[in-house]
1. Within the group Val79, Val53, which residue is modelled with pLDDT of 95 or more and among the β-branched types (Val, Ile, Thr)?
2. Out of Thr91, Thr28, which single residue is at pLDDT below 95 and on the phi < 0 side of the Ramachandran plot?
3. So which residues in region 2-22 are among the polar types (S, T, N, Q) and open to solvent by 30 Å² or more (accessible area, probe 1.4 Å)?
4. Being open to solvent by 30 Å² or more (accessible area, probe 1.4 Å) and aromatic (Phe, Trp, Tyr): is that true of Trp36 here?
5. Name the single residue, out of those in region 104-123 being exposed (fewer than 13 other Cβ atoms within 10 Å of the Cβ) and of a type in the set (S, T, N, Q), that is farthest from Gln39 (Cα to Cα).
6. Look through region 40-66, keep the residues that are open to solvent by less than 10 Å² (accessible area, probe 1.4 Å) and not in a loop (DSSP other than H, G, I, E, B), and return whichever of them is farthest from Phe29 (Cα to Cα).
7. Looking at region 67-103, which of its residues are crowded, with 20+ Cβ neighbours inside 10 Å, in contact (Cβ under 8 Å) with a residue 60 or more places away in the chain and not in a strand (DSSP E or B)?
8. Residues in region 24-31: is at least one under 30 Å from Ser123 (Cα atoms), crowded, with 16+ Cβ neighbours inside 10 Å and either in contact with a helix residue (DSSP H, G or I) (Cβ under 7 Å, 6 or more places away or on another chain) or of a type outside the set (Phe, Trp, Tyr) (or both)?
Amino acid sequence: QVRLVESGGGLVQPGGSLRLSCRRSGQTFGMYAMAWFRQAAGKERRFVAAIGVSNGATEYADDVQGRTTISRDSAEDLVYLQMNSLKREDTAVYYCALLLAGTWRNADDYEYWGQGTQVTVSS
């Protein structure tokens, strides 16, 4: 089994910054990707960013490109999501997920999910 635990969410003002963390524990894999998705109230879960843990390749959704960075610390099994210039539209529950094989942007392809952490952008 794999467990993913998110942390770092909270309340932030528009224009502010936040860094989310995801810690992986349990079974390990040779090659896999980890990603962040988000789900606003009443909306579908949508892709935010992904990273290949072995090679460091990254991919971003258009609406966060340029103000968001996904990174990893392989030695500590951590993945981060640094978000800057936050907007009210970024308010959502943010989920960490792990993918063994599939398309990075497709939520249905991910094998493991965390419980989520709430991010609220408000003045």
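The values are calculated or read from the model by the stated rules, or taken from the named source; none is laboratory data. What you see is a predicted model; the values in this text were computed from it and never measured. For neighbour counting, all protein chains shown are included, and Cβ atoms are generated from backbone atoms with ideal geometry for every residue, glycine included. Protein only, heavy atoms only, side chains kept; ligands, DNA and RNA dropped before computing areas. Shrake-Rupley method; radii C 1.70, N 1.55, O 1.52, S 1.80 Å.
1. Details: Val53 fails: modelled with pLDDT of 95 or more.
Exactly one residue qualifies, and that residue is Val79.
2. On the way: Thr91 fails: at pLDDT below 95.
Just one listed residue meets the conditions, Thr28.
3. Initial filter on region 2-22 (among the polar types (S, T, N, Q)): 7, 13, 17, 21.
If the condition is that a residue be among the polar types (S, T, N, Q) and open to solvent by 30 Å² or more (accessible area, probe 1.4 Å), then Ser7, Gln13, Ser17 are the ones that fit.
4. When the stated conditions are applied, Trp36 does not pass them.
5. First, the residues of region 104-123 that are exposed (fewer than 13 other Cβ atoms within 10 Å of the Cβ): 106, 108, 115, 118, 122-123.
So of that shortlist, the ones also of a type in the set (S, T, N, Q) come out as 106, 115, 118, 122-123.
On the way: Asn106: 14, Gln115: 12, Gln118: 10, Ser122: 17, Ser123: 20 Å.
The extreme case among them is Ser123.
6. Val48
7. Hit for region 67-103 is Leu86, nothing else.
8. Looking only at region 24-31, we keep the residues that are under 30 Å from Ser123 (Cα atoms), and these are none.
No - not one qualifying residue is present in region 24-31.
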